[in-house]
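Report on one structure; see the data block that follows.
Quick note: the coordinates plus some simple rules give every number you see, no bench work behind them. Treat the numbers as computed from the prediction; the structure is a model and nothing was measured. Virtual Cβ from ideal backbone geometry, glycine too; neighbours counted across all protein chains shown.
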Amino acid sequence: MKMVMAVVPANVAEQLLDALINNGHTATYAETHGGMLRQSQKSLFIAVKQDLLQEVLTIIKENCHTRVEMSTRGLDESNFGDRPPVTANLGGAVVFVWDIMQIEIY
């Protein structure tokens, strides 16, 4: 078994959860915040058998796309002069996969 943790933007989490469920997978999620622009995210935890791992990763990839956004928020022009706005890749997914050594259900 593998544990997949996918950190995705909150606005695509429902779409991703629906896609996972429609393909026979389940997920637990937690609301999280982070990144350069402190955007709202959800961290999904998906336990999956090794032979279905690639299917889950493909579903995540198909439902989470990256875009570039620029922000001047937080920049004080008196301190930064003509410094360009901050750019950040938003959206997409950050995915971690690790082995599950043991599962206990009480």
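Here the peptides 2-13, 19-30, 42-53, 95-106 are ranked by packing, the mean other Cβ count within 10 Å, and the order with the highest first is 2-13, 42-53, 19-30, 95-106. Backbone phi angles across region 13-18, fed through the Karplus curve with coefficients 6.51, -1.76 and 1.60 (θ = phi - 60°), yield HN-Hα couplings of 4, 4, 4, 5, 4, 4 Hz in residue order; Gly and Pro are listed as x. Each residue of region 48-64 was assigned a 3J(HN,Hα) from its phi angle through the Karplus curve 6.51 cos²θ - 1.76 cosθ + 1.60 (θ = phi - 60°); the sequence is 8, 5, 3, 6, 9, 4, 4, 4, 5, 4, 5, 4, 4, 4, 6, 9, 10 Hz, with glycine and proline shown as x. Multiplying the residue separation of residue 40 and residue 3 by 0.36 nm and subtracting their alpha-carbon distance yields 11.1 nm.
To the nearest 0.05, what FRET efficiency results for residue 55 and residue 10 with a Förster distance of 30 Å applied to their C-beta separation? Write out the running numbers ahead of the final one.
Numbers: r = 24 Å, r/R0 = 0.80.
After rounding to 0.05, the efficiency reads 0.80.
Once backbone amide H atoms are built at 1.01 Å from N, residue 41 has 10, 32, 33, 34 as its partners under 5 Å, excluding neighbours fewer than 5 places away on the same chain. Shape analysis of region 1-58 places it in the prolate category; the axes a ≥ b ≥ c from the Cα gyration tensor give an a/c of at least 1.5, with a/b above b/c.
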